[in-house]
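So the structure is just underneath, and the comments pick up after that.
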Amino acid sequence: MVRILILLLLTGAYAGAQERTVDATWLHRSVPNLPEKESDVSSATCHYKPIFGAGDQNSAIMRSVSRFAEVTVDAGGNCREVLREREEEIDFVLQGSGTLQYSDQTHPLRTNDFTYLAPGVKHAISNNSSSALRVLVMGFNVPQRINVSTPPASPKIVNLEEVKEEPVQGHPTSVLYKLLVGPQSAKRDAIDDAYVITSFFLMDFAPGGTNFPHHHETAEEIYLVIDGEGDIVAGSGMDGIEARFPAKAGDAYYFRPNCTVGFYNRNKPGAQAHILAVRSRIPLNDGED
(Lines give C-alpha, C1' and ligand atoms only; values in the text may rest on other atoms or scores of the structure.)
Protein backbone atom coordinates (compact mmCIF):
# COMPACT_ATOMS: atom_id res chain seq x y z
CA MET A 1 0.00 0.00 0.00
CA VAL A 2 2.85 2.37 0.92
CA ARG A 3 4.62 1.59 -2.39
CA ILE A 4 1.44 2.38 -4.34
CA LEU A 5 1.02 5.70 -2.51
CA ILE A 6 4.62 6.72 -3.20
CA LEU A 7 4.23 5.76 -6.88
CA LEU A 8 1.07 7.84 -7.19
CA LEU A 9 2.78 10.86 -5.58
CA LEU A 10 5.79 10.58 -7.90
CA THR A 11 3.58 10.17 -10.96
CA GLY A 12 1.57 13.26 -10.01
CA ALA A 13 4.72 15.33 -9.46
CA TYR A 14 6.15 14.22 -12.82
CA ALA A 15 2.91 15.07 -14.62
CA GLY A 16 2.91 18.54 -13.04
CA ALA A 17 6.51 19.08 -14.13
CA GLN A 18 5.61 18.13 -17.70
CA GLU A 19 2.95 20.85 -17.85
CA ARG A 20 5.50 23.60 -17.33
CA THR A 21 6.68 25.18 -20.59
CA VAL A 22 10.23 26.34 -21.22
CA ASP A 23 10.87 29.71 -22.86
CA ALA A 24 12.18 29.28 -26.39
CA THR A 25 15.69 30.49 -27.22
CA TRP A 26 14.56 31.31 -30.76
CA LEU A 27 11.26 31.58 -32.64
CA HIS A 28 10.20 30.98 -36.23
CA ARG A 29 7.20 32.47 -38.03
CA SER A 30 5.94 32.01 -41.58
CA VAL A 31 4.71 35.56 -42.21
CA PRO A 32 2.26 34.79 -45.07
CA ASN A 33 0.41 32.34 -42.81
CA LEU A 34 0.03 34.60 -39.77
CA PRO A 35 -3.41 35.96 -38.78
CA GLU A 36 -4.36 39.60 -38.41
CA LYS A 37 -4.80 40.91 -34.84
CA GLU A 38 -6.22 44.07 -33.30
CA SER A 39 -3.68 46.70 -32.23
CA ASP A 40 -3.49 50.38 -31.37
CA VAL A 41 -2.97 51.25 -35.07
CA SER A 42 -5.77 49.03 -36.40
CA SER A 43 -8.76 50.43 -38.28
CA ALA A 44 -11.25 49.12 -40.81
CA THR A 45 -8.63 49.78 -43.51
CA CYS A 46 -5.43 49.19 -41.52
CA HIS A 47 -4.56 45.57 -40.76
CA TYR A 48 -1.94 44.59 -38.17
CA LYS A 49 -0.21 41.21 -38.47
CA PRO A 50 2.03 40.51 -35.43
CA ILE A 51 5.19 38.54 -36.20
CA PHE A 52 6.98 38.99 -32.87
CA GLY A 53 6.22 41.12 -29.82
CA ALA A 54 2.88 42.84 -29.26
CA GLY A 55 0.04 40.56 -30.36
CA ASP A 56 2.18 37.40 -30.57
CA GLN A 57 1.79 34.54 -28.10
CA ASN A 58 5.49 34.60 -27.12
CA SER A 59 5.85 38.33 -26.57
CA ALA A 60 6.67 37.91 -22.87
CA ILE A 61 10.14 36.49 -23.54
CA MET A 62 11.27 39.65 -25.34
CA ARG A 63 13.15 42.33 -23.44
CA SER A 64 13.90 45.17 -25.85
CA VAL A 65 11.67 44.21 -28.79
CA SER A 66 8.17 45.61 -28.31
CA ARG A 67 6.79 44.78 -31.77
CA PHE A 68 7.84 43.36 -35.13
CA ALA A 69 4.83 43.36 -37.41
CA GLU A 70 3.53 43.72 -40.93
CA VAL A 71 0.93 46.44 -41.41
CA THR A 72 -1.23 46.43 -44.55
CA VAL A 73 -3.18 49.55 -45.46
CA ASP A 74 -5.97 49.18 -48.00
CA ALA A 75 -6.15 51.48 -51.04
CA GLY A 76 -7.41 54.82 -49.79
CA GLY A 77 -7.11 53.65 -46.17
CA ASN A 78 -5.34 54.87 -43.05
CA CYS A 79 -4.06 53.65 -39.70
CA ARG A 80 -4.81 55.21 -36.34
CA GLU A 81 -2.39 57.82 -35.07
CA VAL A 82 -0.21 56.68 -32.16
CA LEU A 83 2.24 58.26 -29.72
CA ARG A 84 4.54 56.03 -27.71
CA GLU A 85 6.60 57.83 -25.09
CA ARG A 86 9.25 55.12 -24.46
CA GLU A 87 9.34 53.26 -27.77
CA GLU A 88 11.44 53.95 -30.85
CA GLU A 89 10.37 52.61 -34.23
CA ILE A 90 11.64 51.75 -37.69
CA ASP A 91 9.21 51.58 -40.60
CA PHE A 92 10.24 49.85 -43.84
CA VAL A 93 7.95 49.91 -46.90
CA LEU A 94 7.76 46.39 -48.31
CA GLN A 95 5.31 47.18 -51.10
CA GLY A 96 3.31 50.09 -52.44
CA SER A 97 3.26 53.80 -51.73
CA GLY A 98 1.59 55.99 -49.16
CA THR A 99 2.05 58.78 -46.66
CA LEU A 100 3.69 59.12 -43.26
CA GLN A 101 1.91 61.49 -40.90
CA TYR A 102 4.65 62.84 -38.61
CA SER A 103 3.29 65.22 -35.98
CA ASP A 104 1.55 67.86 -38.14
CA GLN A 105 3.55 67.05 -41.30
CA THR A 106 2.97 64.60 -44.15
CA HIS A 107 5.76 62.83 -46.03
CA PRO A 108 5.47 60.54 -49.08
CA LEU A 109 6.55 56.89 -48.81
CA ARG A 110 7.40 54.44 -51.59
CA THR A 111 8.60 50.85 -51.86
CA ASN A 112 11.94 50.27 -50.05
CA ASP A 113 11.75 53.55 -48.13
CA PHE A 114 12.69 53.32 -44.47
CA THR A 115 12.55 55.81 -41.62
CA TYR A 116 13.32 56.09 -37.91
CA LEU A 117 10.64 57.38 -35.53
CA ALA A 118 11.88 58.63 -32.16
CA PRO A 119 9.96 58.14 -28.90
CA GLY A 120 7.33 60.78 -28.18
CA VAL A 121 6.28 61.72 -31.70
CA LYS A 122 2.74 61.29 -33.04
CA HIS A 123 2.69 59.33 -36.27
CA ALA A 124 0.42 57.37 -38.59
CA ILE A 125 0.49 55.73 -42.01
CA SER A 126 -2.07 56.26 -44.75
CA ASN A 127 -2.48 55.05 -48.32
CA ASN A 128 -3.64 57.48 -51.00
CA SER A 129 -2.89 55.07 -53.86
CA SER A 130 -5.08 52.54 -55.64
CA SER A 131 -3.08 49.51 -54.42
CA ALA A 132 -2.40 48.00 -51.01
CA LEU A 133 0.50 49.34 -48.94
CA ARG A 134 2.59 46.90 -46.86
CA VAL A 135 4.92 48.23 -44.16
CA LEU A 136 7.24 46.40 -41.79
CA VAL A 137 6.88 48.08 -38.38
CA MET A 138 9.58 47.47 -35.76
CA GLY A 139 9.33 48.90 -32.23
CA PHE A 140 11.82 48.79 -29.35
CA ASN A 141 11.47 49.71 -25.68
CA VAL A 142 13.73 52.50 -24.40
CA PRO A 143 14.57 51.92 -20.70
CA GLN A 144 13.65 54.61 -18.18
CA ARG A 145 17.31 55.19 -17.30
CA ILE A 146 18.00 56.50 -20.82
CA ASN A 147 17.28 60.19 -21.30
CA VAL A 148 15.09 60.72 -24.35
CA SER A 149 15.61 63.94 -26.29
CA THR A 150 12.97 66.03 -28.05
CA PRO A 151 12.06 64.25 -31.32
CA PRO A 152 13.52 65.71 -34.53
CA ALA A 153 11.36 68.34 -36.22
CA SER A 154 11.15 66.13 -39.33
CA PRO A 155 11.89 62.47 -40.02
CA LYS A 156 14.73 61.32 -42.24
CA ILE A 157 13.37 59.04 -44.98
CA VAL A 158 15.88 57.07 -47.07
CA ASN A 159 15.35 54.60 -49.90
CA LEU A 160 17.19 51.29 -49.91
CA GLU A 161 18.52 51.98 -53.42
CA GLU A 162 20.37 55.05 -52.09
CA VAL A 163 22.47 52.97 -49.66
CA LYS A 164 25.63 51.36 -50.98
CA GLU A 165 26.47 47.70 -50.46
CA GLU A 166 29.72 47.05 -48.63
CA PRO A 167 31.60 44.35 -46.77
CA VAL A 168 31.77 44.61 -42.99
CA GLN A 169 35.07 44.07 -41.21
CA GLY A 170 35.27 40.72 -39.46
CA HIS A 171 32.60 39.13 -41.67
CA PRO A 172 33.03 36.96 -44.79
CA THR A 173 33.11 38.79 -48.12
CA SER A 174 30.49 36.34 -49.44
CA VAL A 175 27.85 38.63 -47.92
CA LEU A 176 27.51 42.36 -48.52
CA TYR A 177 25.66 44.73 -46.23
CA LYS A 178 23.51 47.82 -46.53
CA LEU A 179 23.72 49.60 -43.17
CA LEU A 180 20.38 51.33 -42.72
CA VAL A 181 19.81 52.45 -39.12
CA GLY A 182 22.18 52.57 -36.16
CA PRO A 183 22.71 54.20 -32.74
CA GLN A 184 23.36 57.87 -32.07
CA SER A 185 27.01 57.08 -31.34
CA ALA A 186 27.57 55.63 -34.85
CA LYS A 187 28.44 57.33 -38.12
CA ARG A 188 28.30 54.46 -40.61
CA ASP A 189 24.55 53.99 -41.17
CA ALA A 190 22.14 55.88 -43.41
CA ILE A 191 20.31 57.00 -40.25
CA ASP A 192 22.16 57.11 -36.91
CA ASP A 193 19.57 58.31 -34.40
CA ALA A 194 18.59 55.27 -32.30
CA TYR A 195 18.72 54.67 -28.55
CA VAL A 196 18.62 50.85 -28.18
CA ILE A 197 18.66 49.74 -31.83
CA THR A 198 22.25 48.79 -32.55
CA SER A 199 21.78 47.91 -36.22
CA PHE A 200 19.15 47.57 -38.93
CA PHE A 201 20.65 46.22 -42.13
CA LEU A 202 20.15 44.26 -45.33
CA MET A 203 22.36 41.25 -46.13
CA ASP A 204 23.00 40.22 -49.75
CA PHE A 205 24.37 36.66 -49.93
CA ALA A 206 26.44 35.37 -52.84
CA PRO A 207 25.89 31.75 -53.96
CA GLY A 208 27.17 29.56 -51.12
CA GLY A 209 27.67 32.67 -49.00
CA THR A 210 27.38 32.87 -45.23
CA ASN A 211 27.67 35.42 -42.44
CA PHE A 212 29.07 32.62 -40.23
CA PRO A 213 27.12 31.46 -37.17
CA HIS A 214 27.69 33.78 -34.21
CA HIS A 215 25.91 35.11 -31.13
CA HIS A 216 25.36 38.38 -29.28
CA GLU A 217 25.54 38.31 -25.48
CA THR A 218 23.56 41.48 -24.82
CA ALA A 219 21.30 41.83 -27.87
CA GLU A 220 18.15 40.40 -29.41
CA GLU A 221 18.10 39.88 -33.17
CA ILE A 222 15.43 39.31 -35.82
CA TYR A 223 15.89 38.03 -39.37
CA LEU A 224 13.30 38.34 -42.16
CA VAL A 225 14.09 36.43 -45.37
CA ILE A 226 13.11 38.76 -48.22
CA ASP A 227 13.97 36.45 -51.11
CA GLY A 228 15.93 33.29 -51.86
CA GLU A 229 16.31 30.21 -49.72
CA GLY A 230 18.99 28.46 -47.71
CA ASP A 231 19.67 27.23 -44.19
CA ILE A 232 19.10 29.33 -41.10
CA VAL A 233 21.31 28.56 -38.11
CA ALA A 234 19.36 28.81 -34.87
CA GLY A 235 20.67 27.54 -31.56
CA SER A 236 23.06 24.62 -31.52
CA GLY A 237 22.89 20.88 -31.84
CA MET A 238 24.66 18.11 -29.95
CA ASP A 239 28.28 18.79 -28.90
CA GLY A 240 28.12 22.35 -30.21
CA ILE A 241 27.34 21.40 -33.81
CA GLU A 242 25.30 24.17 -35.39
CA ALA A 243 21.61 23.45 -35.90
CA ARG A 244 20.44 24.23 -39.46
CA PHE A 245 16.86 24.63 -40.65
CA PRO A 246 15.53 25.24 -44.20
CA ALA A 247 14.57 28.89 -44.70
CA LYS A 248 12.76 30.64 -47.53
CA ALA A 249 11.22 33.99 -48.44
CA GLY A 250 8.62 35.05 -45.86
CA ASP A 251 10.29 33.23 -42.95
CA ALA A 252 11.06 35.34 -39.87
CA TYR A 253 13.27 34.38 -36.93
CA TYR A 254 13.73 35.87 -33.47
CA PHE A 255 16.90 35.09 -31.50
CA ARG A 256 17.31 35.66 -27.78
CA PRO A 257 20.64 36.91 -26.38
CA ASN A 258 23.45 34.32 -26.64
CA CYS A 259 21.52 32.22 -29.16
CA THR A 260 23.58 31.12 -32.15
CA VAL A 261 22.42 32.81 -35.36
CA GLY A 262 23.57 32.63 -38.97
CA PHE A 263 22.60 31.85 -42.56
CA TYR A 264 23.97 29.74 -45.43
CA ASN A 265 22.82 30.54 -48.94
CA ARG A 266 22.35 27.76 -51.49
CA ASN A 267 25.56 26.90 -53.27
CA LYS A 268 24.19 27.07 -56.81
CA PRO A 269 25.13 29.39 -59.68
CA GLY A 270 22.98 32.51 -59.57
CA ALA A 271 21.44 31.71 -56.17
CA GLN A 272 20.39 34.95 -54.48
CA ALA A 273 19.26 35.55 -50.93
CA HIS A 274 18.49 38.79 -49.11
CA ILE A 275 17.72 39.12 -45.41
CA LEU A 276 16.55 42.16 -43.47
CA ALA A 277 17.92 42.03 -39.94
CA VAL A 278 17.56 44.19 -36.86
CA ARG A 279 19.45 43.99 -33.59
CA SER A 280 18.64 45.78 -30.32
CA ARG A 281 20.44 46.10 -27.01
CA ILE A 282 18.80 44.51 -23.96
CA PRO A 283 18.83 45.96 -20.42
CA LEU A 284 21.81 44.52 -18.57
CA ASN A 285 19.87 44.40 -15.33
CA ASP A 286 16.09 44.09 -15.36
CA GLY A 287 15.98 45.56 -11.86
CA GLU A 288 17.24 48.89 -13.17
CA ASP A 289 14.24 49.30 -15.40
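Listed values, structure above:
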item	result
Condition met for T99 (assigned to a strand (DSSP E or B), touching a Pro at 6+ places or on another chain (Cβ under 7 Å) and in contact (Cβ under 8 Å) with a residue 24 or more places away in the chain)	yes
Neighbours by Cβ (under 7 Å, 6+ apart or cross-chain): first from region 70-85, in contact (Cβ under 8 Å) with a residue 40 or more places away in the chain and farther than 20 Å from P50 by Cβ; second open to solvent by 60 Å² or more (accessible area, probe 1.4 Å) and of a type in the set (G, A, S)	A75/S130; A75/S131
So T210, is it buried (at least 17 other Cβ atoms within 10 Å of the Cβ), polar (S, T, N, Q) and under 19 Å from the mean Cα position of the chain (by Cα)	no
Tally of residues being surrounded by 14 or more Cβ atoms within 10 Å (Cβ to Cβ), of a type in the set (S, T, N, Q) and not in a loop (DSSP other than H, G, I, E, B) across region 19-65	2
Sole exception among (1) under 19 Å from the mean Cα position of the chain (by Cα); (2) in contact (Cβ under 8 Å) with a residue 40 or more places away in the chain; (3) open to solvent by 20 Å² or more (accessible area, probe 1.4 Å) for K178, by number	(2)
Breaking point among (1) open to solvent by 40 Å² or more (accessible area, probe 1.4 Å); (2) of a type in the set (V, I, T); (3) more than 29 Å from G250 (Cβ to Cβ); (4) in contact with a Ser or Thr (Cβ under 9 Å, 6 or more places away or on another chain), for V121	(1)
Breaking point among (1) in contact with a Leu (Cβ under 9 Å, 6 or more places away or on another chain); (2) open to solvent by 30 Å² or more (accessible area, probe 1.4 Å), for D251	(2)
Residue list for region 128-145, filter: without any contact (Cβ under 8 Å) to a residue 60 or more places away in the chain and surrounded by 14 or more Cβ atoms within 10 Å (Cβ to Cβ)	N128, S129, V142
Count - residues of region 66-82 that are closer than 28 Å to D23 by Cβ and open to solvent by less than 10 Å² (accessible area, probe 1.4 Å)	3
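The values are calculated or read from the model by the stated rules, or taken from the named source; none is laboratory data. Since this is a predicted model, take the numbers as computed values, not measurements. Every residue, glycine among them, receives a Cβ derived from its backbone with ideal geometry; neighbour counts consider all protein chains shown. To get the accessible areas, we keep the full protein, side chains included, count just its heavy atoms, and leave off ligands, DNA and RNA. Shrake-Rupley method; radii C 1.70, N 1.55, O 1.52, S 1.80 Å.
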